[in-house]
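The values are calculated or read from the model by the stated rules, or taken from the named source; none is laboratory data. Worth saying up front: this structure is predicted, and the values here are computed from it rather than measured. Don't worry about glycine lacking a Cβ; one is built from the backbone with ideal geometry, like all the others, and counts go over all protein chains shown. These area figures cover heavy atoms from the full protein model, side chains too; ligands, DNA and RNA do not enter into them. Shrake-Rupley method; radii C 1.70, N 1.55, O 1.52, S 1.80 Å.
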Amino acid sequence: MATLTFLGAARTVTGSKHLLEVDGLRVLIDCGLFQGLKDLRTRNWSPFAVRPETIDCVVLTHAHIDHTGWLPRLVAQGFTGPVYCTEGTADLCSLVLPDAAHLQEEDARFANKRGYSRHHPALPLYTEADAAEALSRLRRSPFGRKIAIGKGFEIEFIHAGHLLGSSYVKVTRADNSSPGILFGGDLGRYSRPILPDPTPGVDADVLLVESTYGDRVHPPEDDGAALARIITETHARGGKVIIPAFAIGRVEELLYWLFKLEDQGRLPQLPVYVDSPMAIKGIAFYQAHRGELDKELEAMRRKLPRFTAVNSGLESKALVENDRPAVIIASSGMATGGRVVHHLFAGLPDPRNTVLFVGFQAAGTRGRQLIEGARHVKMFGQHVPVHARIEKIDGLSSHADAGEIIRWLRTFRRAPKVTYLVHGEIVAQDALRLRIEKELGWRVEVPVHGQKVEVPL
Ligand SMILES: [Zn+2]
């Protein structure tokens, strides 16, 4: 038997951390940052459930910050072991962890300047030096091969189809005496461009699976019709399409659709800009690993000269001031920071423009205000009137919906002894639990934060 403790992403969608203890071995699967509401974010400052120096190793399923963003803190608090992950995850971590550290340091500086922190001086959760130290611990590991992690246990990375390098992690005994535990990470989708389908037919005694969209079904694939309509209409008005996007993952899929639609003659010829140094580096990593991606990426690669990379701040400023029709992709995805804020500041008052949201907009963000129809938003201390059109497309999510989760579960050769739903809000989790119980007859549990369970291994 082994002990599993749910230290994050339990009845919520961020902070993924699962502690596995067996035969004196301590492994932490994922080390994510809590994000969103304040109650969750304050957990980032709590002492860890066990002393970090007693953890033998960390294993990362993929590079998203809600699965990796607490690693520099764990390292700063005394964790000294190796961090296993795939090549793609290591590459993307080299972008997202220093960036997260930079934001933490900026927040602390800002709090000190304004004097609003309870702590004097306000300290960052971690620094860029901590992020660099965390990156030095990464052990780049192949997919589909057993990797010894000590005390007679092995891990294996299996393609999850959710992001470059994304995986499920299977933990087994080296002597094959048990089917093992499958940590599902985040589950990708079927028949999507860029990424492979989730790997079918994995065998495990214990399964952890995400449930972000456990109560929802994504709108059926519309072959980019919505995107084509929005861009064509904006072009006809002589405006710009401003797309706030997360720097990794989503940008590649957007570019794919833009080039495909253009190829099919469904888009007007107009310049496409990617205004984010991090997104531009991310695109390069996707190209470097195209062997593990969907073959359709090859087609996109041939077309890549068609977008203009905006690297320097000066070029970005010039683009903000440029009035000509264009598609501009810039981060952050929820319009809370980054270069897209400057594009919105200049572009929102102009009725010719469109702001197009392609990702989940969390409560309290500027993106959420805009999609809920705000007539003005506050930026740089000013009230900016919203005359631009606000649109959103839901079909571009990289998380499996309820139907796709069930479809993946049906590929299991036999039912796991127990399935834990993680990485979801409670309403979505209840809906998915009922569906799995009814349609598959499996035993399903929805753990709470900090819950400890005994599992076979
Ligand atoms: Zn993810």
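How large is log10 of I(q)/I(0) for the stretch 213-272 at q = 0.27, 0.28, 0.30 Å⁻¹ when the intensity is taken from the Debye formula with one equal scatterer per alpha-carbon?
The Debye formula, applied to the Cα set alone, gives -1.26, -1.30, -1.35.
For Arg266, Arg26, Arg145, write out the residues from largest to smallest accessible area, computed with a 1.4 angstrom probe and no ligands counted.
So the residues, ranked largest to smallest area, are Arg145, Arg266, Arg26.
If I model a spin label as a point 7 Å beyond the Cα along the Cα-Cβ vector, how far apart are those points for Arg114 and Ser46 in nm?
2.6 nm
Among the listed pairs Lys295/Lys392; Lys260/Lys295; Lys17/Lys146, which have their C-alpha atoms separated by more than 25 angstrom in this model? Could you put the intermediate results ahead of the total?
Numbers: Lys295/Lys392 28 Å; Lys260/Lys295 14 Å; Lys17/Lys146 22 Å.
The answer is Lys295/Lys392.
With a point put 7 Å past each Cα toward its Cβ, work out how far Arg266 is from Ala132 in nm, to one decimal.
4.7 nm
Considering only DSSP states other than H, G, I, E and B, which chymotrypsin sites (Phe, Trp or Tyr not before Pro) in the stretch 35-87 qualify as loop sites with at most 15 other Cβ atoms within 10 Å?
none
Kirkwood Rh over Cα pairs of the stretch 86-165 into Stokes-Einstein at 10 °C, 1.306 mPa s: D in µm²/s?
For these conditions, the coefficient is 105 µm²/s.
Rounded to the nearest 500, what is the chain's calculated 222 nm mean residue ellipticity when only DSSP H runs of at least 4 contribute -39500 (n - 2.57) each, over all residues?
-9500 deg cm²/dmol
Share of the stretch 1-152's accessible area from carbon and sulfur, percent, 1.4 Å? It would help to have the intermediate numbers written out before the result.
Numbers: 3330 of 6530 Å².
Result for the stretch 1-152: 51 percent of the exposed heavy-atom area is carbon or sulfur.
For Met1, what accessible surface area do you get with a 1.4 Å probe? Give it in Å², rounded to 10.
Around 130 Å² of this residue is reachable by solvent.
What are the ³J(HN,Hα) values, in whole Hz, obtained from phi via the Karplus relation 6.51 cos²θ - 1.76 cosθ + 1.60 with θ = phi - 60°, for each residue of the stretch 446-452 in sequence order, with x given for Gly and Pro?
10, x, 9, 4, x, 5, 10
Using the Cα atoms of the stretch 121-235, I'd like the radius of gyration and the largest Cα-Cα distance, Dmax, both in angstrom.
Both quantities, over Cα of the stretch 121-235: 19.8, 62 Å.
Tell me which GluC sites (Glu not before Pro) from the stretch 233-281 have a DSSP coil assignment and no more than 14 other beta carbons within 10 Å of their own.
none
For the chain, state the average projected area of the convex hull of the C-alpha atoms over all orientations, rounded to one decimal in nm².
Seen from a random direction, the Cα hull of the chain projects 20.9 nm² on average.
Mind ranking 58-69, 122-133 by how tightly packed they are, going by the mean number of other C-beta atoms within 10 angstrom, highest first?
The peptides rank, most packed first, as 58-69, 122-133.
Using the alpha carbons of the stretch 23-77, what is the convex hull volume per residue in cubic angstrom, as a whole number? The partial results should precede the final answer.
Numbers: hull volume 4.5 nm³, N = 55.
Convex hull of Cα atoms, per residue: 82 Å³.
Would you kindly give the portion of the calculated P(r) for the stretch 197-336 that falls above 17 Å, as a percent of all Cα pairs?
67 percent
What are the residues whose amide H is under 5 Å from the amide H of Asp401, where those residues sit 5 or more places off or on another chain and H is modelled from the backbone?
It is His218, by chain and number.
Distance in nm between label sites at Lys438 and Ile280, each 7 Å beyond Cα in the beta-carbon direction?
With each label point 7 Å from Cα toward Cβ, the separation is 5.1 nm.
Can you give the accessible area of Cys31 in Å² (nearest 10), computed on protein heavy atoms with a 1.4 Å probe?
About 0 Å², ignoring ligands and nucleic acids.
Taking the Cα atoms of the stretch 1-155, report the difference between the largest and smallest coordinate on each principal axis, in whole Å and largest first.
Rounded to whole Å, the extents work out to 52, 30, 26 Å.
Name the residue from Ser398, Leu19, Met379 whose Cα lies farthest towards the positive end of the charge dipole of the chain, charges +1 on Cβ of Lys and Arg and -1 on Cβ of Asp and Glu.
Final value for the positive-end residue is Met379.
Report, for the chain, the % of DSSP beta bridges that are antiparallel, rounded to 5. Don't skip to the answer; put the middle values down first.
Values: 31 of 68 bridges.
Here the share of antiparallel DSSP bridges comes out near 45 percent.
Please name which of Leu195, Thr127, Phe183 has its Cα lying farthest along the dipole of the stretch 111-236 towards the positive end, using unit charges on Cβ (Lys, Arg +1; Asp, Glu -1) and the Cα centre as origin.
Farthest along the dipole direction, towards plus: Thr127.
Using +1 on the beta carbon of Lys and Arg, -1 on that of Asp and Glu, and nothing else charged, what's the dipole of the chain about the Cα centre, debye to 20?
The dipole magnitude comes to about 580 debye.
Charges only on Cβ, +1 for Lys and Arg, -1 for Asp and Glu: so what's the dipole of the stretch 47-173 about the Cα centre, in debye to the nearest 20?
Approximately 340 debye in magnitude.
Residue-wise, which Karplus ³J(HN,Hα) couplings in Hz belong to the stretch 226-240, taking 6.51 cos²θ - 1.76 cosθ + 1.60, θ = phi - 60°, and x for glycine or proline?
5, 4, 4, 4, 4, 5, 5, 5, 5, 4, 5, 7, x, x, 9
Roll a 1.4 Å probe over the protein chains and send me the accessible area per residue for the stretch 264-396 in Å². The partial results should precede the final answer.
Numbers: 6490 Å² over 133 residues.
Dividing the accessible area of the stretch 264-396 by its residue count gives 49 Å².
Per residue, how much accessible area does the stretch 1-142 have with a 1.4 Å probe, in Å²?
Accessible area per residue, the stretch 1-142: 41 Å².
At 1.4 Å probe size, what's the solvent-accessible area of Lys452? Round to the nearest 10 Å².
140 Å²
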